[in-house]
Amino acid sequence: MSAGRLAGRRALITGAGSGIGAAAAWRLAADGARVFTADFKGAVDRQVDVTVPGANAALVTEAVERLGGLDIVVPCAGVSAFHPLEGHDDAYFDMVMAVNVTAVFRLIRDCVPALQLSAHGRIITIGSTMAQFGDAGLVAYGTSKHAVLGMTRSVAVELGQYGITANCLMPGAIETPMTEPAFTQMPQFKTYWQNKASLGRLGQPEDIADVIAFLASDDARFMSGQGFFVDGGAMQRQ
Ligand SMILES: NC(=O)c1ccc[n+]([C@@H]2O[C@H](COP(=O)([O-])OP(=O)(O)OC[C@H]3O[C@@H](n4cnc5c(N)ncnc54)[C@H](O)[C@@H]3O)[C@@H](O)[C@H]2O)c1
């Protein structure tokens, strides 16, 4: 067994093909966990579209078969783009909800039997500062992330009886392929978030992955049903 605070733990991460999910996979593995990764793209264990009905159940089955069980679940697959309310079509809204909400719900639901068998069940969802605040052009995204925080809180209450914790990590502006187009096309947006953060910089995927690893560890055993800003101190600032 590998050394590390997550030695012996088994993790399933979606959205692990890039950005925060990829960094989380590396970090959990570095802490000793065995990790099963899934995404549309990238060097992952299973290429999958998490919005396809049955896809999340199949992922759980495969992860449990490969790892011999499951302790940590991180539904990290997500989408975002700016869409003003004017001319906002139904299809884009529905797509955002399908990836950011429905697929997260299905993965959590489908993991419950495996997590009930774990002595260290951890569900770590990925919200956003947009899970508590709003911004122009982010109606669909903001709606979806508020939903993820609400989902996590109810899941925490329902699954606490099995010793399973559920927490929602709410990143600020992180430099990943998701934000790259906006930061490139709107440099003022990048500067805004840099300046808004008390630490004066944008986040890196590792800034989030390290907190995911903490929430997955025994150090966070008495924390559940919470949403945590990991935003360099951006949202506490006027
Ligand atoms: N980057 C940020 O500033 C930021 C801030 C707050 C929250 N988040 C959240 O963090 C999570 C990860 O985002 P990221 O910034 O690493 O972006 P990213 O684009 O690098 O990673 C998201 C991953 O999700 C995958 N994905 C999207 N739709 C999928 C689908 N239908 N099936 C399978 N995989 C799919 C993509 O292929 C991609 O690899 C998302 O939930 C995002 O909303 C990001």
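The values are calculated or read from the model by the stated rules, or taken from the named source; none is laboratory data. Everything numeric in this text was worked out from a predicted model, so none of it was measured. No Cβ is skipped: glycine too gets one built from the backbone with ideal geometry, and neighbour counts run over all protein chains shown. Surface areas here come from the heavy atoms of the whole protein model, side chains and all, with no ligands, DNA or RNA. Shrake-Rupley method; radii C 1.70, N 1.55, O 1.52, S 1.80 Å.
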*For segment 52-78, name all the residues that are surrounded by fewer than 17 Cβ atoms within 10 Å (Cβ to Cβ) and hydrophobic (A, V, I, L, M, F, W, C).*
VAL52, ALA57, ALA58
*Restricting the search to segment 92-106, which residues are within 11 Å of the ligand (Cβ to nearest atom) and open to solvent by 40 Å² or more (accessible area, probe 1.4 Å)?*
MET95, THR102
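Yes or no: ARG109 surrounded by fewer than 22 Cβ atoms within 10 Å (Cβ to Cβ), within 13 Å of the ligand (Cβ to nearest atom) and among the charged types (D, E, K, R)?
No, not satisfied.
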*Any idea which of ASP89, ASP49 is open to solvent by 20 Å² or more (accessible area, probe 1.4 Å), within 16 Å of the ligand (Cβ to nearest atom) and without any contact (Cβ under 8 Å) to a residue 60 or more places away in the chain?*
ASP49
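I'd like to verify a number: residues in segment 145-177 that are within 11 Å of the ligand (Cβ to nearest atom) and either among the aliphatic types (A, V, I, L, M) or without any contact (Cβ under 8 Å) to a residue 60 or more places away in the chain (or both), how many?
Adding up the residues that qualify gives 7.
Condition check ((1) closer than 26 Å to ARG221 by Cβ; (2) among the hydrophobic types (A, V, I, L, M, F, W, C)) across all residues:
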| residue | (1), (2) |
| --- | --- |
| PRO84 | no, no |
| TYR92 | no, no |
| MET97 | no, yes |
| THR102 | no, no |
| ASP110 | yes, no |
| SER118 | yes, no |
| MET130 | no, yes |
*For segment 150-180, name all the residues that are surrounded by 21 or more Cβ atoms within 10 Å (Cβ to Cβ) and within 12 Å of ILE126 (Cα to Cα).*
THR152, ALA166, ASN167, CYS168, LEU169, MET170, PRO171, GLY172
*Check ALA23 against each of (1) touching a residue at least 12 places away in the same chain (Cβ under 8 Å); (2) hydrophobic (A, V, I, L, M, F, W, C); (3) open to solvent by 40 Å² or more (accessible area, probe 1.4 Å) and name the one condition it does not meet.*
(3)
*Sort through ASP135, ASP207 and tell me the only one that's among the acidic types (Asp, Glu), within 12 Å of the ligand (Cβ to nearest atom) and crowded, with 20+ Cβ neighbours inside 10 Å.*
ASP207
*asked:* Give me the residue from segment 1-18 that is open to solvent by less than 20 Å² (accessible area, probe 1.4 Å) and either within 16 Å of the ligand (Cβ to nearest atom) or of a type in the set (Val, Ile, Thr) (or both) and, out of that set, farthest from ASP49 (Cα to Cα).
replied: ALA11
